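Notes to accompany the following structure.
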Amino acid sequence: MPWLSALKDTARSGLTVERARLEPLVTLRAAGGVALVVALLLAFGSPALAVSSAFGAFAAGLATFQQSWRPRPVLALGVAAGLGLSTFLGYLAAYSHVLFVLLLAVWTLLAGMAWAVGPVSGLVATQTVAVMLVTVTLPTSVAGAAEHAALISVGGVVQALLIVLFPIRPWGRQRDALADALAAEADYARRLRHDPVARFDPQPLMEARSAAELTPRQARNRPRELAGPRGLAERLRPVLAALADPVVGAPAEGPQRDRVRDLLAAAASVLDAVARAIRWGRPVRLPPEALAVLQVPEEGPMLDGAARRSAYRLIALLGDVVEESDEPVRTARRAGERRPLLRPTVPRLVPVALRAVRREATWSSPVARHAVRVAVVASAGYVLGAALPLGHGYWAPMASVMVMRPDFAQTYSRGVARFAGTVVGVLLAAALATLLHPGVYVSAALAVACVGLLYLLMGTGYVVASACVGAYVVFLLGMVGEGWSQTVQARVALTLLGGLLAMAAYAVFPVWETRRLRDRLADWLAANGAYCLAVLDAYARPADVRPRRVRDTLLDSRAARTAWEETAERALKEPVRHRGLSRTAERASDAALATMGRVTMLMEAHIPDRDAQPSPYAGKFADALGAALPDAVAAVRERRAPDWTGPRAVVADWYAAEGDRGVAVRGAELLVDALDELAAALSPGPGGRNRAARRT
């Protein structure tokens, strides 16, 4: 994509305002925390102290709105600790510009590396940099460093206490994640009625699994209906696909296909009813027409073979889903319930975080390069801002730090949104200040109102959030007597400077996701191959089947697919030409590996019982695929076409010996076809790419 087109796309993305689900009660609680801190400091302290402490409450409230499955009080307390430490160190170094710039560079570098742990950790670390830049500009002495750091931390503690004292819809996020997963299954069932090979997005199931990871305290208090349906939803997906598939399920047309369509529609209705019940904590109300379809007809089963087995499994699993989600409250803590997925506590998370940072501490890592970029830009922005005669020079590095992200698209879109939103916000605040001439308390009330709007409209887009932050700063500085005219001029100019520095830094020192496409594709192939080998091993040795191995390899395959899709999406927006993987080859490879995963899932739905007869050809096929897989993964990375001659020969022998009877041989043939599609897509030269384009 040319630079001009990339800039247009990122600017359009940054200025987009989306519809989002609003949370007014949660917003009221978080804004109330800011209001409480400001009111207390105005009553018993000074406006300068109120401004300082307001940043702590504001940042802590902002962190609790992020998509994290950690308890909200833990997030608020974590932000309070980070803000207190950064503020204290900043005050100690503020007497010397050189020392402060060095501290800022080191702290910002560490904050940039925090993105290796996760996006919430990266955001919290970014907030600590912003508060370090802001609070040291307030008049204080070195002896007052501890006092101001404590006041900053008090804001986070207040937010945590409010969350504990006024819980709003407890377990609401976990309920929503599980309900979304079941609703996604219902939508998948409906799409399978019209497209038997429809693709399924595993992201809702991955979100539900993340939501199911609990701390020990949460595990003791989790509602019973959140314990079982997620695992059943995982098992439902391959059964739905196997029932609808015309190769291993019912024929494409005829009475059996009509029966399959009715079963899929009934399954969708049941799953939607269960999703609604879980989302709102109500009893399950099943539609009578769906229950009638899920009964075996009086004239006998209408399906045969693999389709009949899939139908029976579907009916049984749907019954289990309803039973698990409609459990009486009195049985919530009965003995012997499923062991939850335990999330490590905060102390146990420290070594995990350190290992994540160590993995990313390489020159080729996007996180490491982001950390270096943001450290250099923050230091340069602070020096430039201090040299300009505008006052509040810290606004330039703060704008840079807040917009910079490890990838190109987010950095540029947030840079545009930050400037546009700031202009709108400070102009509206200036107009309101001109009309009202607010005093200290009115300015404080308007600042809290801007914070409330930010919390309420946070999901609509970064440009809206930037407008609210711009107005918030104008009213907050109005509390300490700053004139709005100077504030508007300096805020706009320095925000523009900070945004331009952030964009220039990425252009000079980039990490293009386009170059990582082949590595991500190879990782997906390796994960898909491991999943396939685990399923084939269950056919070859049913008595030794290990469901945990199948489950773990499936999760690895989903994670690899998600990493590939995220990289491909970011690469699509980058102003670089393809390096070894064209857009046509990318689409064809994606389709081939998605088909490979889907076929393996169909085979998983019909894994034989432990007392079934072993399939010797399944073992031979697994051996051939396992032998070819390492070289194929290396070939993808090295821009060669994979060679699947060995697995293809075994499938030919298998088909000649047994015909097309059985799910395993049909699945193996479909697997080799998908692998051949991958080889065609990655064949060097235009011929291979053209073949891949025609096949897709």
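The values are calculated or read from the model by the stated rules, or taken from the named source; none is laboratory data. No experiment lies behind these values; they were computed from the predicted model shown. Glycine gets a Cβ as well: all are built from the backbone with ideal geometry, and neighbour counts include every protein chain shown. These accessible areas exclude ligands, DNA and RNA; they are computed on the full protein's heavy atoms, side chains included. Shrake-Rupley method; radii C 1.70, N 1.55, O 1.52, S 1.80 Å.
Numbers at a glance
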{"read-out": "Qualifying residue in the stretch 19-32 (condition: of a type in the set (Gly, Ala, Ser), open to solvent by 30 Å² or more (accessible area, probe 1.4 Å), under 28 Å from the mean Cα position of the chain (by Cα) and at pLDDT 85 or above)", "value": "no"}
{"read-out": "Failed criterion for Val374 (all others in (1) at pLDDT below 90; (2) in contact with a Gly (Cβ under 8 Å, 6 or more places away or on another chain) hold)", "value": "(1)"}
{"read-out": "Set Ala233, Ala250: member being of a type in the set (A, V, I, L, M, F, W, C), under 17 Å from Asp180 (Cα atoms) and buried (at least 22 other Cβ atoms within 10 Å of the Cβ)", "value": "Ala233"}
{"read-out": "Residue identified as within 30 Å of Val346 (Cα to Cα) and either β-branched (Val, Ile, Thr) or touching a strand residue (DSSP E or B) at 6+ places or on another chain (Cβ under 9 Å) (or both) among Ala219, Ala227", "value": "Ala219"}
{"read-out": "Residues being closer than 29 Å to Pro223 by Cα and either open to solvent by less than 70 Å² (accessible area, probe 1.4 Å) or assigned to a helix (DSSP H, G or I) (or both) - total across the stretch 266-298", "value": "23"}
{"read-out": "Options Ala50, Ala57: the member that is under 27 Å from the mean Cα position of the chain (by Cα), hydrophobic (A, V, I, L, M, F, W, C), open to solvent by less than 30 Å² (accessible area, probe 1.4 Å) and under 19 Å from Ser443 (Cβ atoms)", "value": "Ala57"}
{"read-out": "The listed residue being under 18 Å from Leu501 (Cα atoms) and either open to solvent by 40 Å² or more (accessible area, probe 1.4 Å) or touching a Ser or Thr at 6+ places or on another chain (Cβ under 8 Å) (or both), out of Arg369, Arg373, Arg358", "value": "Arg369"}
{"read-out": "Matching residues, the stretch 629-667, being assigned to a helix (DSSP H, G or I), without any contact (Cβ under 8 Å) to a residue 60 or more places away in the chain and closer than 20 Å to Arg598 by Cα", "value": "Pro647, Arg648, Val651, Val665"}
{"read-out": "Inter-residue pairs, beta-carbon under 7 Å, first part of a loop (DSSP other than H, G, I, E, B) and in the stretch 510-528, second surrounded by fewer than 23 Cβ atoms within 10 Å (Cβ to Cβ), 6+ apart", "value": "Val511/Pro366; Val511/Arg369; Trp512/Glu574; Trp512/Val576"}
{"read-out": "Selected residue (criterion: farthest from Leu476 (Cα to Cα)) from residues of the stretch 27-37 that are in contact with a Leu (Cβ under 9 Å, 6 or more places away or on another chain) and among the β-branched types (Val, Ile, Thr)", "value": "Thr27"}
{"read-out": "Elements of type helices (runs of 4 or more DSSP H) contained in the stretch 337-447, each with 3 or more residues being more than 27 Å from Gly118 (Cα to Cα) and either within 24 Å of the chain's Cα centre (by Cα) or of a type outside the set (Ser, Thr, Tyr) (or both)", "value": "366-387, 408-436"}
{"read-out": "Flag for Arg230 being touching a Lys or Arg at 6+ places or on another chain (Cβ under 8 Å), within 24 Å of Leu75 (Cβ to Cβ) and free of Cβ contacts under 8 Å to residues at least 60 places away in the same chain", "value": "yes"}
